[in-house]
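K.L.:
Could you have a look at this structure, given as structure tokens, before my questions?
The values are calculated or read from the model by the stated rules, or taken from the named source; none is laboratory data. Since the model is a prediction, treat every value here as computed from it, not as a measurement. Here Cβ is always computed from backbone atoms with ideal geometry, including for glycine, and neighbour counts include all displayed protein chains. Ligands, DNA and RNA are excluded from the accessible area calculation, which covers all protein heavy atoms including side chains. Shrake-Rupley method; radii C 1.70, N 1.55, O 1.52, S 1.80 Å.
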Amino acid sequence: MANKALTIYISGDVIRIAEMQKNNNKTVVLSNAAEITTPAGAFNDGYIVDVTAIAEAIRTAIFGRGFTAKEVIFTISSKKIASKEVDINYFKNTKRLGQVLQANSGEYFPMSGSGDYLFAYSILEDYMSEDGRKYRVSAVAAPMDLVRGYYEIAEELKVNVKSIDYFGNSVIQLLALQMQEGRTDLVLQIEKDATYVNVMRGHVLVLQRSVNYGKTAVINALMDVKKISEKDAKTLLSNESLLDQHVTADEYAQTVSYLVNGIGRAVEYHRTKNPGELLQGIKIFGEGSAIAGIEKILQRELGAPVEHFETLAGVSIKGQAALTAEEVLRYLPNIGAIIDPMNLNIGAGQKQTLIESSDLIKYLKYAFAVAFVGSAVFTGISWYQHKKVVDENTRLQAEIDKIKDIEAIKEAYEAAEREYNLVKVFEDSTHDDNEYILQFIDDLEALLPTGSRVKMINFESGDVEFELESGWHNTVKNEVADTLLKIGGLDYVSGFYIPSIEDDWRYVIVIGYDEETGEPIYLTDHYEAEDEEGEGEEEEDAADLIGAEDLEGLEDIRYPDEPEKLVEYEVGMILPDGITAIEVVRQRQVVYTAHCHIGLRGAAMLSIEEIINEEMENGGAPEAAEESNTEGGEE
């Protein structure tokens, strides 16, 4: 049976420690567990700020509780850790795959080539494409100084670091054991300050995203909507019966809108990348999964049944780990880390050997003996080596004398290069990144899908702010999302990000369906205009036609700015004579605010000041020093 290991996950609120062992690829045993509050100010976004305080907290949590493992696996999470999915040609030898990924890591993460980052990867799947067999790989780059902090904790605890795993990989490894082949599911881990969105196709991860909203955001939103205290908000969100009594449907939708919309955007991205692949189920767990009413609204908005994880397949609870099923789920990053960690280790792959003092004495004795014999041999041949070195030195000096002129050529070249750089800086300063405006507008016009429009656009020295508005849709589909991805990928666009997304909803009336296409025919103001021409005709009550009693609270409806406006439903409205409503459809419109830079910002270029300073150091300094020496001599 494999040796036990501690698995430790540190967050801004809590530290969780588990003692685990892996029996095989499908079964892990959790034999002990503990958690403790993270010391204030000791941890910041993955970085260990106070090693002593963190180590002391862990020691306090496990002391006297039967923990015996001498090796530790840390699971780390931080916004400073970059992750990327990479498709690469198949290699039969996975060692060769690692070498290729390591060699190309600078392409995936430009900063990783500086030597200040650690690079690791895990294989998500191998598949057949049009170009042949390939691997889909999850690659990660973590700052060296961030990882080093966990080694310092291990040193304080007097345990050996077995591995350093990335949070996303830990979650994937355990989720893979829970899923069924032949179906695609959305798995949501709703925690206190964030939600982790995972789309699983059987045992394979298809998409992984994080949303910066969790249980805390929902509590704060309800406090704001109802103007109540934090304590009251927590009480309402923990009891569905109380929630239904005191919070209306509109108030609840507003309360969870940031969380649900963030999840919805990740799902939209998945649908864009994998058209036709429907979600067959939604599984939720984590601290925020207990929010009252969350299952119903997720099922309504995302269109798939929702269920909680009740147990974890492949995980056995034994020994002193007296945890409930709900408590076990909190240790998911700990449990997943022991299955197949990424190994973000310092010096990964290099064997390290500790030499005891008794062994050192033996090694020194042997070394002295070898040195004595070697010195005798060296004495016998040293005269020959000396003569050989002198002859070689004479030959090299003669070669140097032949090419002395090259130094003058080198100095002339460097002077010309400095002059060129200086002129280049002045020439570049005459250009402005706004020169790319026309190209950006042309590309935007070409990429913009039918039915969407640019609401606003501003340019200033290459910095662009613009708003894209999607057309109205009957579902959560949003064609603008793919457009934004393409805009961000243009070769002259950098720093692309989306600071805000706004949703708008409306209810429109379907009065029939096209016989050829099957597309719905909506009630427009064209029909109202025709009805006004025929005076004295009896009008029908829309409330009787479409069951308006089920759609109360929709009075605040606006008309879109369109050539032929769709009539939006209002409670108690009267339909034109001869028009019968078949159904009322809910439609959605999304407005994205985006920022980016167009042009060459960030290109490697020396400033005028840097060029002048270099000129003074390399070109002007010798002359200045020479003049100074002359003046000193005259004095």
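K.L.:
Which percent of the accessible heavy-atom area of region 19-96 goes to carbon and sulfur, probe 1.4 angstrom?
P.N.:
On the way: 2000 of 4190 Å².
Looking at region 19-96 in its full context, I get 48 percent from C and S.
K.L.:
Can I ask one more? With just the Cα atoms defining each centre, how far is region 293-315 from region 68-94? Give it in Å.
P.N.:
28
K.L.:
Where a ≥ b ≥ c are the square roots of the eigenvalues of the C-alpha gyration tensor, would you call region 1-143 rounded, which needs a/c under 1.5, or, failing that, prolate if a/b is larger than b/c, or oblate?
P.N.:
Cα axes put region 1-143 in the oblate bin.
K.L.:
On to the next question. Which value, in Å² and to the nearest 10, is the accessible area of E251 when all protein chains are kept and the probe is 1.4 Å?
P.N.:
Using a 1.4 Å probe on the heavy atoms, I get roughly 40 Å².
K.L.:
Could you tell me what percent of the accessible area of region 156-303 is made up of carbon and sulfur, with a 1.4 Å probe and every protein chain present?
P.N.:
Working: 3040 of 6540 Å².
Carbon plus sulfur share of accessible area: 47 percent.
K.L.:
Normalising by the residue count of region 60-135, find the relative contact order in percent from Cα pairs under 8 Å and 6+ residues apart.
P.N.:
Details: 35 pairs, mean separation 21.7, N = 76.
This gives 29 percent for region 60-135.
K.L.:
Which order do the peptides 444-450, 54-60, 216-222, 303-309 take when ranked by the mean count of other beta-carbon atoms within 10 Å per residue, highest first? Show your work: numbers first, answer last.
P.N.:
Numbers: 444-450: 12.4, 54-60: 18.0, 216-222: 20.0, 303-309: 15.4.
Highest-to-lowest ranking by the protection proxy: 216-222, 54-60, 303-309, 444-450.
K.L.:
Accessible area, 1.4 Å probe, largest first: how do M456, M573 sort? Before the final figure, lay out each step's value.
P.N.:
Numbers: M456 50, M573 25 Å².
Largest accessible area first, the residues go M456, M573.
K.L.:
Quick one: accessible area per residue over region 221-321, 1.4 Å probe, rounded to a whole number of Å²?
P.N.:
Values: 5250 Å² over 101 residues.
I get 52 Å² per residue for region 221-321.
K.L.:
Accessible area of W505, 1.4 Å probe, to the nearest 10 Å²?
P.N.:
Its heavy atoms expose roughly 80 Å² to the probe.
K.L.:
Can you pull out the trypsin sites (Lys or Arg not before Pro) in region 7-43 whose DSSP state is coil and whose Cβ has at most 11 other Cβ atoms within 10 Å?
P.N.:
In loop regions of region 7-43 (DSSP not H, G, I, E or B), the sparsely surrounded trypsin sites (Lys or Arg not before Pro) are K26.
K.L.:
On average, how much accessible surface per residue is there in region 5-48, in Å², for a 1.4 Å probe, leaving out ligands, DNA and RNA?
P.N.:
Details: 1560 Å² over 44 residues.
On a per-residue basis, 35 Å².
K.L.:
Using θ = phi - 60° and the Karplus relation 6.51 cos²θ - 1.76 cosθ + 1.60, list the HN-Hα couplings for region 50-66 in order, rounded to whole Hz, with x at every Gly or Pro.
P.N.:
Residue by residue, region 50-66 yields 10, 4, 4, 5, 5, 4, 5, 5, 5, 4, 5, 5, 9, 4, x, 10, x Hz.
K.L.:
State which entries of K162/K283; K95/K134; K226/K565 exceed 24 angstrom in Cα-Cα distance in the structure shown.
P.N.:
Working: K162/K283 32 Å; K95/K134 15 Å; K226/K565 35 Å.
Violating the 24 Å Cα-Cα cut-off are K162/K283; K226/K565.
K.L.:
Also, quick follow-up: Provide the per residue accessible area, probe 1.4 Å, for region 61-171, rounded to a whole number of square angstrom. Write down the numbers at each step before the final one.
P.N.:
Numbers: 5700 Å² over 111 residues.
For region 61-171, the per-residue accessible area is 51 Å².
K.L.:
Kindly identify region 158-279 as rounded, prolate or oblate by the Cα gyration tensor criterion: order the square roots of the eigenvalues as a ≥ b ≥ c, call it rounded if a/c is under 1.5, otherwise compare a/b with b/c, prolate if a/b is larger, else oblate. Present the calculation step by step, with values, prior to reporting the outcome.
P.N.:
Working: a/c = 2.55, a/b = 1.51, b/c = 1.69.
Taking the square roots of the gyration eigenvalues as a ≥ b ≥ c, region 158-279 is oblate.
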